[in-house]
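Where a number appears in this text, it was derived from the coordinates with a stated rule and is not lab data. No experiment lies behind these values; they were computed from the predicted model shown. With ideal geometry, Cβ positions are generated from the backbone for all residues, glycine too; neighbour counts draw on all protein chains shown.
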Amino acid sequence: MRHLTFRTATTFLLPLLLLFSVFILLRGHYLPGGGFVGGIIAAIAFVLHAFAFGLRHTRKLLRVSPMLLMPTGLALAVLAAMLPFLQGLPIMTSLWLNEPLPVVGLAGSALLFDAGVYLAVLGVALTIIFTISESV
Amino acid sequence: MITNLIILPVLLQFSLAIILLFFWKKIEIQKKLSIVGSILSVIVAGTLFNTVYGSEILTLQAGGWMAPFGISFVADAFSTTMILLASLSSAAVSMFSIVTIKKARMKFGYFPSFHFLVMGLNGAFLTGDIFNLYVWFEVIIISSFVFITLGGKKVQIEGAVKYFTLNFLASMVFLTAIAVLYGLAGSLNMADLSGKIKSIENQGLVQVTAILFLVGFGIKSAIFPLYFWLPDSYHTPQAAISSIFAGLLTKVGIYALLRVFSLVFIPDEFMKTLVVILAGLTLVSGGLGALVQTNMRKMFSYLIVCHIGYMIGGLGMFTVAALSGAVFYLIHDIIIKTNLFLIGGLVYKINGELNMKRMGGIYANYPALSLLIAVPLFSLVGVPPLSGFWPKIDLFAESFTTSNYFLLGCFIFGSIITLLVITRFWSEAFWKKMENRERRPHIRYYDQAPAYEKALLIIPILFLSLISLYIGIGAENIFRLSDTIATELVDNSAYINAVLGLSK
Amino acid sequence: MEIILAFIVGLLYAAGIYLMLRRSLVKLVIGLVLLGNGVNLLIFLLGGLVRGNPPIITGTESVLGQIYADPVPQALILTAIVISFGLQSFAIVLIKRAYIVVNTDDLDKIHSTEEDDDY
């Protein structure tokens, strides 16, 4: 698997895939996409890197342990779900900003939730795949 | 704001589990957080119960989407009672696990999984949507998979294979039933389904769906003939884990059965007869299984199966009095079964043995402790005026008036077997003289433990025994509660109106 | 289309249950996977098949005009897929662990939970 072509391609693919995953995450509210798919694509990017350069390098590249991404993502999602509490609305009601953000567009608590899902899925998928491949 | 109180038991456990995930390796912090969180959840559950019981049913439409289109959360007397019981027994187990779970096992996410499990339970009790119920069931079983494999010994892995397969199968049957139900009625909201199911022309297919639900929940709640996975897996994890399984995991299946069969599929004659027969056979086979075991925890596991029969039997008769008895038994059983496995853990700590033949001498060495343990054991058998006695009166009387003599016979058989089994346990473990045996080096015995550890072992048992005592001596209050619940189960219009927002 | 899907669902259920009844651990897990996929397809089928009409209200209208594809089954399937993803990865790790600890792939040799009275 450590062929030169593959390694070179991976160095270019990794940032592209990550960018694409963020794009998928952001377009997700009205168009196909969203946190889950985005997270999976990001995980694929890292798995590809792990195939090409070995797990140790990928872990170094990630800096944070994938185990830490899970609670961070979950915490973001719960936060998004609890935001309506402040206005006395039922849980998980979508709240929207009045003004569109640059690049992102009109954002709301749904985006925060999806970002949480993105991180959680990335964390879970990487933890599962890393653990299985380390124990082989 | 008041409606958001409904979801608080779920959110609290969820947030707690997330915070615990951040402290993955720091188990000392995890222990303290778990205790504090469990106590908080008891307070929250108590507040919710107080708000709902005696006044109206609270509902919450997630995201503000009106029922039946959104996901509804419903807090009625039944669900809040279950949440209160779940938080009480999980608080006790959380305390017990601090000293009994080995450090190496705690490092693999024991406490986060524990609180995810309790979150799943709370969610399952609160939801008013049948697919959402499936999702909570999955949350529960995935956390329980962590528990059952934690430690990774041979017996555990083998038990886990059986546990996993059967629970996965149950989930698939449940999901199939949901698929058929959605195809038939086009709705997933249980209150909405309740009205729609009657107007479906193809009642034969409705009956088949009902049977699918019975099988799915039946595997989870271990009724005859679907219980074989339970005694094969419940005795393999450590005592604290087994006790949360015993107290709550099978009971959430019973809760789902009671809920679905009182709200969506109202049992007809065929269904009642079927459930009554299953209940009787569950009592007999569980009882006979318990009788032949020499392993203490396996015997307790069979007792779980046996006593499931009482609750299923109450459902099978489907009268207000019978359901009241079943609900009372459920209340009693959650506390007592949790306590029973905690006691099992304590006895193991004292004796270092699981085989009853090699136990003994607890009464001679620890008379006060034995007296404490006698309270839940007697409650389990149903010695008046302790807690097991009262629901049995209701169930016995009702099986007599509805002339279900087969069921009555099985009820009596189950009670006698329980008496026999518990007496044998008492005489083997407590009264018999302990032969001088060599101590095994890898076990941390009770008398070697420092005082605070002893306290943490005793307090949960004491706490749950006191609750059992209250259920027994304050039976009047519990009767009032179970009657309210049973009336609401039979006459479900209040529930439906509350969920769909109709006026009375 | 419905009839083809119905046959596929039946086939997946049958294959899943057949594999679960075999004695091999690996086949057991494959059976579970097939069964899970069969259930997902069943939800899809029973939700009703509609081609090319997504339930999206375009800018000028306020209600959906034609018969549209029901989004609920798709949401259910998505949830079920995510759940079975987790369960299946657990199952794979479990059978690997079981193979290491018990040293057999034969389900008939997995019986120490019944015999070992000391655990």
Query raised in the report: Residue-wise, which Karplus ³J(HN,Hα) couplings in Hz belong to segment B:293-301, taking 6.51 cos²θ - 1.76 cosθ + 1.60, θ = phi - 60°, and x for glycine or proline?
Result: 7, 9, 7, 4, 6, 5, 4, 4, 4
Report summary line: So the angle from the long Cα axis of helix C:2-21 to the longest Cα principal axis of chain C, reported in degrees to the nearest 10, equals 10
Report task. Would you give the gap between the C-alpha center of segment C:16-59 and the C-alpha center of segment B:355-369, rounded to a whole Å? Result -> 54
Report task. Any chance you could give the angle, 0 to 90 degrees and rounded to 10, that helix A:4-27 forms with the longest Cα principal axis of chain A? Result -> 10
**Report entry** Efficiency of FRET between B:Arg440 and C:Ile57 - r from beta-carbon atoms, R0 60 angstrom, step 0.05
**Finding:** 0.30
**Report entry** Highest-first arrangement of C:79-87, B:237-245, B:221-229, where packing means the average Cβ count within 10 Å
**Finding:** B:237-245, B:221-229, C:79-87
Query - Nearest-0.05 FRET efficiency for C:Leu49 and B:Glu56, computed from C-beta distance (R0 35 Å) - result: 0.25
**Report entry** Rounded to the nearest 20 debye, dipole of segment B:4-500 from Cβ charges on Lys, Arg, Asp, Glu
**Finding:** 2240
Query raised in the report: If you line up the long axis of helix B:320-351 against the longest principal axis of chain B, both from Cα atoms, how many degrees apart are they, to the nearest 10?
Result: 20
Report task. Report, as an integer, the average count of C-beta atoms from other chains found within 10 Å of each Cβ along B:56-63. Result -> 3
**Report entry** Against the rule of thumb 2.2 N^0.38 Å, how large the Cα Rg of chain A comes out
**Finding:** 1.19
Query raised in the report: Between segment C:68-88 and segment B:164-200, what's the alpha-carbon centroid distance in Å?
Result: 14
**Report entry** Prolate/oblate/rounded label for segment A:1-79 (Cα gyration tensor, a/c 1.5)
**Finding:** oblate
Query - Calculated diffusion of chain C, Stokes-Einstein form, Kirkwood radius summed over Cα pairs, 4 °C and 1.567 mPa s, µm²/s - result: 75
Report task. Within a 10 angstrom radius of each residue's Cβ in B:16-22, how many Cβ atoms of other chains show up on average? Whole number is fine. Result -> 4
Query raised in the report: If you plug each phi of segment B:467-474 into the Karplus form 6.51 cos²θ - 1.76 cosθ + 1.60 with θ = phi - 60°, what whole-Hz ³J(HN,Hα) values come out, in order, with x for Gly and Pro?
Result: 4, 4, 4, 5, 4, x, 7, x
Report summary line: Per the helix-only model, the protein assembly as shown has a calculated mean residue ellipticity at 222 nm (DSSP H runs of ≥4, -39500 (n - 2.57) each, divided over all residues, rounded to the nearest 500) of -24000 deg cm²/dmol
Query raised in the report: Taking only the alpha-carbon atoms of chain B, what semi-axes of the equivalent ellipsoid follow from 5 times the gyration tensor eigenvalues under a square root, in whole Å, largest first?
Result: 35, 26, 21
Requested in this report: Return the whole-Å distance between the Cα centroid of segment A:13-37 and the Cα centroid of segment B:230-308.
Outcome: 46
Query raised in the report: Taking square-rooted eigenvalues a ≥ b ≥ c of the alpha carbon gyration tensor, is segment B:393-504 rounded, prolate or oblate, where a/c under 1.5 means rounded and, failing that, a/b exceeding b/c means prolate?
Result: oblate
Query raised in the report: Looking at the square roots a ≥ b ≥ c of the eigenvalues of the Cα gyration tensor of segment B:11-63, which shape do they give, rounded for a/c under 1.5, prolate if a/b is larger than b/c, or oblate?
Result: oblate
**Report entry** Mean projected area in nm² (Cα convex hull; one quarter of hull surface) for the protein assembly as shown
**Finding:** 34.1
Query - Where only alpha carbons of segment B:3-121 are counted, the Rg and the Dmax (Å) - result: 15.6, 47
Query - Per-q log10 I(q)/I(0), segment B:203-243, q = 0.17, 0.35 Å⁻¹ (Debye; single scatterer per alpha-carbon; no solvent) - result: -0.56, -1.03
